[in-house]
Amino acid sequence: MVETGLLPLAGKTILLLPRYTATGPSSRLRMGQFVPLLEAAGATVRSEPFFDDAYLTEFFGSGQQSRRAALRGYSRRMRLLTTARADMAWVERELFPFLPGRLETMLCWRRIPYVVDMDDAVFHRYDMHRSAAVRGVLGRKLVPLLRGAAAATMGNQYLVNYAHSHGAKRVVDVPTVVDPERYPLLPPPVGERLRLGWIGTPANARYLDIVVEALRRLGPSVPVTLVTIGAPELSGLPVPQEAHAWSEDSEGPLLAGIDVGVMPLVDDPFERGKCGYKLIQYMAAGRAVIGSPVGVNANIITSDCGLLASSVEDWMNAIRTLAGDPERRMAMGRAGRSRVEQHYARGVVATKLITLFKELMA
């Protein structure tokens, strides 16, 4: 039995303030997957999400954002922050969506040191909002939150730069990572058609447009099946689609059934803040990748594990190249898995987080 005195976070209470329950990908990956490791390090962890499962069920199903669920979230979090006690809090993105920055300082009022976490450029929802009124009132709403934070854990360099320039005292680059053990290393599928894979939510399936156009132009010269996990049936698709519902238990085995994973993006400010998690998943499964060189994608994809593609022609060439070279696909898959184990594995990042949290609560 390990003595509690040897555990780095023994006796400490950490309050997690994620945006969603475990149903929400960002909250599950940025915070939820570390809970067992924080507890193994001796901490008592309590998680209080802003939105409940009912909100996400409606959003993923219809794309509608429930005002009633949002009001429940505001009420629940306001009550929590007036009574909360903890040695440290870990905040995902913000405390109160679309409310003034003054309320983002509530943890300071309670004298609870906190860490802000971001895996998206959420600040652009305010400072680049189509409404001038929203830009004027909320454009800098996250500045008080960052200035009051003991530290900020940011998912890529774009977010790191924002945190530094908006008053964060200490900023740590923390990529969105995987547990490699959840991604079985299996032989590639056998068949004449290239199995091109994509994983995500209905809300971001729109990024596939450039891949669909590339497949349309390639025509029957490159036989492809598009394997989607979490996307609806796509209309007008020029190739067969194999659509799978997403579940945490099935995503690893399903990704083992593709040849190449894709992550297309548009080169806009919000997308530059994304953390390339799809790429990391494909690489963890031992598969070659193709991605748009937007934001951190260009750092995750090295030449030995995948290809970068900007234009439709680039996507056509990349798909054609990997379709015709199975040996290269396999070599890229091996290199990608190795890269994940070294840089994007849950255990590697957990060690960094535990060290940081221990210092902040010392």
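The values are calculated or read from the model by the stated rules, or taken from the named source; none is laboratory data. Predicted model only: the values in this text are computed from it and were never measured. Methodologically, a virtual Cβ is constructed for each residue, glycine included, from the backbone with ideal geometry; neighbour enumeration extends over all protein chains shown.
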Quiz prompt | segment 4-24 - residue that is surrounded by 20 or more Cβ atoms within 10 Å (Cβ to Cβ) and closer than 19 Å to Ala70 by Cβ and, of those, modelled with the lowest pLDDT | solution = Gly24
Quiz item: Which of the residues belonging to segment 123-163 are outside any helix (DSSP H, G or I), surrounded by 19 or more Cβ atoms within 10 Å (Cβ to Cβ) and in contact (Cβ under 8 Å) with a residue 60 or more places away in the chain?
Solution: Ala150, Ala151, Thr153, Gly155, Asn156
Quiz item: Just checking, how many residues over segment 83-94 are over 26 Å from the mean Cα position of the chain (by Cα), of a type outside the set (A, V, I, L, M) and either at pLDDT below 95 or surrounded by 20 or more Cβ atoms within 10 Å (Cβ to Cβ) (or both)?
Solution: 2
Exercise. Within segment 164-183, identify whether any single residue is in contact (Cβ under 8 Å) with a residue 60 or more places away in the chain, among the aliphatic types (A, V, I, L, M), out of contact with any Phe, Trp or Tyr (no Cβ under 9 Å at 6 or more places or on another chain) and assigned to a strand (DSSP E or B), and answer yes or no.
Key: yes
Exercise. Answer yes if at least one residue in segment 239-256 is crowded, with 24+ Cβ neighbours inside 10 Å and part of a loop (DSSP other than H, G, I, E, B), and no otherwise.
Key: no
Quiz item: Restricting segment 164-208 to residues that are in contact with a strand residue (DSSP E or B) (Cβ under 7 Å, 6 or more places away or on another chain) and among the small types (Gly, Ala, Ser), which is surrounded by the most Cβ atoms within 10 Å (Cβ to Cβ)?
Solution: Gly197
Quiz item: In this structure, is Gly286 touching a helix residue (DSSP H, G or I) at 6+ places or on another chain (Cβ under 9 Å), at positive phi and either among the aliphatic types (A, V, I, L, M) or buried (at least 20 other Cβ atoms within 10 Å of the Cβ) (or both)?
Solution: yes
Practice problem: Filter segment 217-231 down to the residues that are at pLDDT below 95 and under 27 Å from the mean Cα position of the chain (by Cα), then identify the one that is surrounded by the most Cβ atoms within 10 Å (Cβ to Cβ). | Solution: Ala231
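Condition check: surrounded by 23 or more Cβ atoms within 10 Å (Cβ to Cβ), out of contact with any Pro (no Cβ under 9 Å at 6 or more places or on another chain), at pLDDT 95 or above and not aromatic (Phe, Trp, Tyr). Does Ile300 satisfy that?
Here the answer is no, as Ile300 does not meet what is asked.
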Quiz prompt | Cβ-Cβ under 7 Å pairs, at least 6 apart or on other chains, segment 272-297 side farther than 19 Å from Pro188 by Cβ and without any contact (Cβ under 8 Å) to a residue 24 or more places away in the chain, far side among the basic types (Lys, Arg) and surrounded by 24 or more Cβ atoms within 10 Å (Cβ to Cβ) | solution = none
Exercise. May I ask you to verify whether Val312 is β-branched (Val, Ile, Thr) and over 22 Å from Val211 (Cβ atoms)?
Key: no
Quiz item: Which number in (1) out of contact with any Cys (no Cβ under 9 Å at 6 or more places or on another chain); (2) touching a residue at least 24 places away in the same chain (Cβ under 8 Å); (3) in the same structural domain as Glu213 (by TED's automatic domain parsing) marks the one condition that Gly336 misses?
Solution: (1)
Self-check item: Residues of segment 16-56 that turn out to be in contact with a helix residue (DSSP H, G or I) (Cβ under 6 Å, 6 or more places away or on another chain) and part of a strand (DSSP E or B), as a count
Solution: 1
